[in-house]
Ligand code: SF4
Ligand code: SF4
């Protein structure tokens with residue numbers, strides 16, 4: 001049987017014929033990948049023929065290798081250069097995601113984030129108007145043609161006047177700047193009311209919320225003294241979705257995006273979580289592992305789990321999603337869609353935590369309520385736990401170019417380039433993967449970390465093995481579904497018109 005150590009033989013035997021390749025055994029086949037993000041799966045016999053240099057130029061396998069840019073002599077350099085340029089476009093475009101933590105206050109005491117929230121009477125944890133304007137000014141210093149301002153907290157609706165002001169001020173600035181500007185609100189929805197919703201719908205703000213599953217799961221971890229958190233969230237989701245429909249928007253595309261946090265309590269309930277999402281009208285879910293940022297040790301003890309348990313949960317959920325689609329329910333699992341875009345669609349979805357280099361500073365900035373800038377929201381959470389090493393400046397004092405050009409962001413870019421990790425450089429999944437310096441720092445005490453012992457790598461290795469196995473062995477329906485998920489999806493409605501700010505100038509600012 002061919003072993004991974006035979007990789008060097010493969011390289012030697014084919015060194016004048018193939019571009020550099022990486023190899024991994026998946027689902028009884030041998031997976032070859034190249035730096036351009038293409039792959040070919042070979043049987044053991046075909047791999048032996050390739051290694052023995054016994055493939056004539058007219059062999060169908062040789063043609064497949066050629067079509068997927070594995071053959072050095074006939075490599076279409078212009079085409080692969082263009083593909084690489086497209087995939088790496090994000091490196092030079094500047095930060096496009098700007099996360100505004102407008103308050104740390106929250107009326108919920110969710111078990112997994114109690115360390116990072118502040119009680120509702122801690123009004124000194126609110127962003128003020130002057131700081132908010134300085135943060136928006138900093139965001140517009142980014143050269144990125146597309147800017148997304150995302151409101152987070154705490155609970156952002158607890159500091160509603162500043163949310164409104166940032167939107168108006170951002171629209172005003174964009175009247176001159178002319179960027180593709182989007183606003184997004186991440187809220188538990190418990191402080192929503194009709195007036196706020198009217199405003200958010202009018203200003204075309206995308207709305208996202210947290211929903212951990214049916215009430216018995218959600219209310220167990222998302223504690224709220226004001227009433228049943230689950231029922232309130234679901235009630236507002238239905239009302240917001242109806243408002244999108246009233247506007248004539250396609251309900252398959254425009255809905256409140258709900259995200260579950262997968263805790264130990266979720267693990268036995270994959271199907272119930274998905275069925276509940278379907279029952280309340282959701283058409284997608286994004287299943288993610290509970291990561292250790294800003295965790296209190298006791299929380300980890302109560303809600304944490306082994307990576308193997310997450311992968312088991314994830315696979316059960318994935319098969320159920322496929323089954324729902326077989327029954328005619330159009331439902332997307334977003335982790336699978338992300339991987340499908342990279343593996344099958346050959347395009348870069350620019351998910352900031354799964355790219356090389358990652359988005360820290362160069363793709364996103366997090367703005368703390370006091371105006372301090374962080375490489376990402378996860379870096380800000382580390383500060384909340386008492387370590388400010390991911391702070392890169394302060395709005396109004398530090399130009400964005402200084403913050404992004406400084407040593408912290410440079411160190412994180414270096415630490416998240418996969419070629420700088422010995423294990424990743426040799427890994428068949430390198431063309432699609434990404435590593436997280438904040439995760440490494442929290443788990444292993446260094447930005448670089450060591451992938452052999454990393455739960456981050458364990459998760460991604462497990463997911464890539466699974467998705468390739470499904471792509472290679474799934475039936476026609478499942479492959480068709482993955483191909484559909486690999487197709488880009490635009491949410492144009494939420495992009496502000498360039499003259500939007502001019503119309504609204506003075507409506508709210510200075511009222
Ligand atoms: S450091 Fe981690 S959380 Fe921050 S942008 Fe990079 S991958 Fe994402
Ligand atoms: S993190 Fe793990 S799975 Fe990803 S490229 Fe590195 S070694 Fe491979």
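The values are calculated or read from the model by the stated rules, or taken from the named source; none is laboratory data. Since the structure is predicted, the reported quantities are computational estimates derived from the model, not experimental observations. Here Cβ is always computed from backbone atoms with ideal geometry, including for glycine, and neighbour counts include all displayed protein chains.
Data table
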| read-out | value |
| --- | --- |
| Residues within region 28-42 that are assigned to a loop (DSSP other than H, G, I, E, B) and within 28 Å of residue 84 (Cα to Cα), tallied | 5 |
| Answer from 317, 341 - the residue that is touching a strand residue (DSSP E or B) at 6+ places or on another chain (Cβ under 9 Å) and assigned to a helix (DSSP H, G or I) | 317 |
| Residue within region 392-402 that is under 21 Å from the mean Cα position of the chain (by Cα), over 16 Å from residue 291 (Cα atoms) and touching a residue at least 12 places away in the same chain (Cβ under 8 Å) present | no |
| Residues of region 386-428 that turn out to be assigned to a loop (DSSP other than H, G, I, E, B), closer than 30 Å to residue 340 by Cα and within 16 Å of ligand 1 (Cβ to nearest atom), as a count | 2 |
| Sole residue being crowded, with 20+ Cβ neighbours inside 10 Å and either within 16 Å of ligand 1 (Cβ to nearest atom) or under 24 Å from residue 117 (Cα atoms) (or both), chosen from 336, 317, 360, 340 | 360 |
| Some residue of region 37-44 being under 30 Å from residue 302 (Cα atoms), in contact with a strand residue (DSSP E or B) (Cβ under 8 Å, 6 or more places away or on another chain) and surrounded by 16 or more Cβ atoms within 10 Å (Cβ to Cβ) | no |
| Condition broken by residue 470, with the remaining ones in (1) within 16 Å of ligand 2 (Cβ to nearest atom); (2) under 17 Å from residue 311 (Cβ atoms) satisfied | (1) |
| Test: residue in region 204-211 that is more than 19 Å from residue 158 (Cβ to Cβ) and either in a loop (DSSP other than H, G, I, E, B) or at pLDDT below 95 (or both) | yes |
| Residue within region 56-64 that is assigned to a helix (DSSP H, G or I), more than 29 Å from residue 397 (Cα to Cα) and within 23 Å of the chain's Cα centre (by Cα) present | no |
| Region 92-123: number of residues that are outside any loop (DSSP other than H, G, I, E, B) and loosely packed, with under 14 Cβ neighbours inside 10 Å | 2 |
| Restricting region 367-378 to residues that are more than 13 Å from residue 104 (Cα to Cα) and at pLDDT 95 or above, the residue that is farthest from ligand 2 (Cβ to nearest atom) | 372 |
| Yes/no for residue 420 being more than 28 Å from residue 28 (Cβ to Cβ), within 11 Å of ligand 2 (Cβ to nearest atom), surrounded by fewer than 20 Cβ atoms within 10 Å (Cβ to Cβ) and in contact (Cβ under 8 Å) with a residue 24 or more places away in the chain | yes |
| Residues that are surrounded by 15 or more Cβ atoms within 10 Å (Cβ to Cβ), modelled with pLDDT of 75 or more and in a loop (DSSP other than H, G, I, E, B), drawn from region 294-310 | 304, 305 |
| Selection from region 205-242 of residues that are buried (at least 17 other Cβ atoms within 10 Å of the Cβ) and more than 21 Å from residue 303 (Cα to Cα) | 205, 206, 207, 208, 232, 233, 234, 236, 237, 240, 241 |
| All positions within region 429-441 that are within 10 Å of ligand 1 (Cβ to nearest atom) and touching a residue at least 60 places away in the same chain (Cβ under 8 Å) | 434, 435, 436, 437, 438, 439 |
| Residues of region 448-480 that turn out to be more than 21 Å from the chain's Cα centre (by Cα) and over 29 Å from residue 410 (Cβ atoms), as a count | 12 |
| Output for region 445-465, where each listed residue is away from ligand 1 (no atom under 13 Å from the Cβ), assigned to a helix (DSSP H, G or I) and over 17 Å from residue 26 (Cα atoms) | 451, 452, 453, 455 |
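A quick yes/no check of all residues on (1) touching a helix residue (DSSP H, G or I) at 6+ places or on another chain (Cβ under 7 Å); (2) buried (at least 24 other Cβ atoms within 10 Å of the Cβ); (3) in contact (Cβ under 8 Å) with a residue 24 or more places away in the chain:
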| position | (1), (2), (3) |
| --- | --- |
| 147 | yes, yes, yes |
| 152 | yes, no, yes |
| 156 | yes, yes, yes |
| 159 | no, yes, yes |
| 163 | yes, yes, yes |
| 169 | yes, no, yes |
| 179 | no, no, yes |
| 184 | no, no, yes |
